[in-house]
RNA sequence: GGUGCGUUAGUUCAGUUGGUUAGAAUGCCAGCCUGUCACGCUGGAGGUCACGGGUCCGAGUCCCGUACGCACCGCCA
């Protein structure tokens, strides 16, 4: 037996017991005749003491210990002379009578402490050392608990966890696939699933009724702080349901997770249409921890967000506004105190290429109610007062205005500005959670690159029944039975009611530009299945990594993934991906055009 | 595919206008220390300034390129 207890469990009540502990040496304090060793495992730290009672041999051995040595120590639990209130076991120590060095360790390349001195790069290279640190380990523990509570809730609701294959077919639409060559089928490739979408729909056809799976999904696209090439999805599907049933079920799951993991009671989730999200927040994933909604000051066209034309608040005179197709503003409460320099910084912010605005117009509401703006020479006080009125601004507020030719582009710029102001004003507290549903997404969005309509969610999403006639006349305005769950500006999940009618599915494929032959080739298996009694069904998938990151207050999903990939999709610990032997290539009948540095 | 920032001791970083032998902290090694717990004290070792090229009397510092890292845009049904 290697140990009788863990390093986190002994307390003052255990004094007098003889115990054996095993773990890693966190640190050694050698005071000459006295030596203290902090022994660490997943559960905590317990101090080993080598004092005047210890034999010379024992003290000599303790003196040889270095950081991260793996040791086993037996001794009597004793009360400490001076307690350490910072750790749970701080009242006791082990008076060691026997010490075994189970394994020596080289000096680790960075310190394994809560506040490590290591940068991201080196910590990823030695991720197994990084995982010994409390903050990282705690993230994995939270992730475990999260997944466990997901399973508990869905099990209670009658869901079956069903595994679907990892080796599937490449699909058109969507992200790039990771492909896997098949040795037994030369020249042919499997693809790793971007999501088990079609398979879960087939499990509905199979009568499984309620399916879920916590599974890996793969997308060969560029990475971000919130995007990994392989990520974990909580994939769910239900039969004989309408949108309302799904929203209720998964709002319930989120409520369960918030309660059991964070002990937070979340209110009923507000529902916002996609059109309103775009109109008031310029984003399909609005951060609703704070208001500062957009006010439209001029629109010249009806689009998917604006259902009416707003005549310009501003009389002619300022060319930028006169020529704009859209003018929108936000009112920043109490921000009139910003200096000219600070506002110039905001102007620089919106002019950065990532945001792309041409400039920024601002107006301060003064103590006396008058308005002082950067466009005073174009507009009189009467117009500025009308602006104040329209923006619902009061003394001390700062109005920020963006304009441009393309309403959707300006909305996105204004969204960035709003989020920046929210951050500067301290309105985006990580642990203040604001959840909502965004509903009524459009079916399609125009792709400049492909020069055709693309499915906004995926091609299996059903249109709203009342919009079906528009499929023939104005497909771009058709709304889908699709919904996203958004928390603090993060899309944590999304789904839709699916098409279960082969004819309608065929029509949707046509609108997406598939010939019947192509549709049959790529999705024949699904449409064939629909011929054999497909129930109405729908579902949703959560991004587990993102959801856990939110709960843990992390900036990057990497921090809650045990062995993540870096920015270039590499695993720097494994040094993957790597080259393979010519022999393997030959067996697969694959030739690689250029293979450098092998 | 693109933009920005970065790369200096094991690690995290500083390094002024281009100017003598590149510094700090921490870690590491050695010695001392009977209650430490961020132990303390003394001493020591430790550098291809990412790589390649250029400008210059002289480059860690300026310029160009490459590689790598991070963030972002495109992309991510």
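The values are calculated or read from the model by the stated rules, or taken from the named source; none is laboratory data. Only a predicted model underlies this, so the values are computations on that prediction, with no experimental measurement involved. Cβ: placed from backbone, ideal geometry, glycine included. Neighbour counts: every protein chain shown.
Some notes on this structure:
- Yes/no for residue A:148 being within 24 Å of the chain's Cα centre (by Cα), more than 14 Å from RNA strand B (Cβ to nearest atom), at pLDDT 95 or above and on the phi < 0 side of the Ramachandran plot: yes
- Selection count, segment A:423-438, where residues are touching a residue at least 12 places away in the same chain (Cβ under 8 Å) and within 16 Å of RNA strand B (Cβ to nearest atom): 3
- Within segment A:116-139, being assigned to a helix (DSSP H, G or I), under 18 Å from residue A:575 (Cβ atoms) and more than 6 Å from RNA strand B (Cβ to nearest atom) holds for A:123, A:124, A:125, A:127, A:128, A:129, A:130.
- Lone unmet requirement of (1) under 23 Å from residue A:490 (Cβ atoms); (2) assigned to a helix (DSSP H, G or I) for residue A:348: (1)
Conditions (1) out of contact with any strand residue (DSSP E or B) (no Cβ under 7 Å at 6 or more places or on another chain); (2) more than 23 Å from residue A:180 (Cβ to Cβ); (3) at pLDDT 95 or above; (4) away from RNA strand B (no atom under 14 Å from the Cβ), marked per residue:
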{"site": "A:210", "(1), (2), (3), (4)": "no, yes, yes, yes"}
{"site": "A:225", "(1), (2), (3), (4)": "yes, yes, no, no"}
{"site": "A:237", "(1), (2), (3), (4)": "no, yes, yes, no"}
{"site": "A:251", "(1), (2), (3), (4)": "yes, yes, yes, yes"}
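- Unmet requirement for residue A:415, which otherwise passes all of (1) within 16 Å of RNA strand B (Cβ to nearest atom); (2) part of a strand (DSSP E or B): (2)
- Conditions (1) in contact with a strand residue (DSSP E or B) (Cβ under 6 Å, 6 or more places away or on another chain); (2) modelled with pLDDT under 95: number failed by residue A:162: (2)
- In segment A:447-468, the qualifying residues are those that are assigned to a strand (DSSP E or B) and in contact with a helix residue (DSSP H, G or I) (Cβ under 7 Å, 6 or more places away or on another chain), and the one that is surrounded by the fewest Cβ atoms within 10 Å (Cβ to Cβ) is A:453.
- Residue selected from segment A:19-56 under the condition farther than 18 Å from residue A:104 by Cα and more than 13 Å from RNA strand B (Cβ to nearest atom), by the criterion modelled with the lowest pLDDT: A:55
- Check on residue A:471, out of contact with any helix residue (DSSP H, G or I) (no Cβ under 6 Å at 6 or more places or on another chain), over 19 Å from residue A:237 (Cα atoms) and buried (at least 17 other Cβ atoms within 10 Å of the Cβ): yes
- Segment A:346-357: number of residues that are within 16 Å of RNA strand B (Cβ to nearest atom) and over 15 Å from residue A:422 (Cα atoms): 8
- Residues that are assigned to a helix (DSSP H, G or I) and within 15 Å of residue A:494 (Cβ to Cβ), drawn from segment A:235-280: A:243, A:246, A:247, A:249, A:250, A:251, A:253, A:254, A:274, A:277
- Residue count, segment A:61-101 (criterion: within 11 Å of RNA strand B (Cβ to nearest atom) and either touching a strand residue (DSSP E or B) at 6+ places or on another chain (Cβ under 7 Å) or under 14 Å from residue A:28 (Cα atoms) (or both)): 17
- Hey, residue A:477 closer than 14 Å to residue A:511 by Cα, touching a residue at least 12 places away in the same chain (Cβ under 8 Å) and either more than 16 Å from RNA strand B (Cβ to nearest atom) or surrounded by fewer than 20 Cβ atoms within 10 Å (Cβ to Cβ) (or both) or not: yes
- Failed criterion for residue A:532 (all others in (1) assigned to a helix (DSSP H, G or I); (2) within 26 Å of residue A:211 (Cα to Cα) hold): (1)
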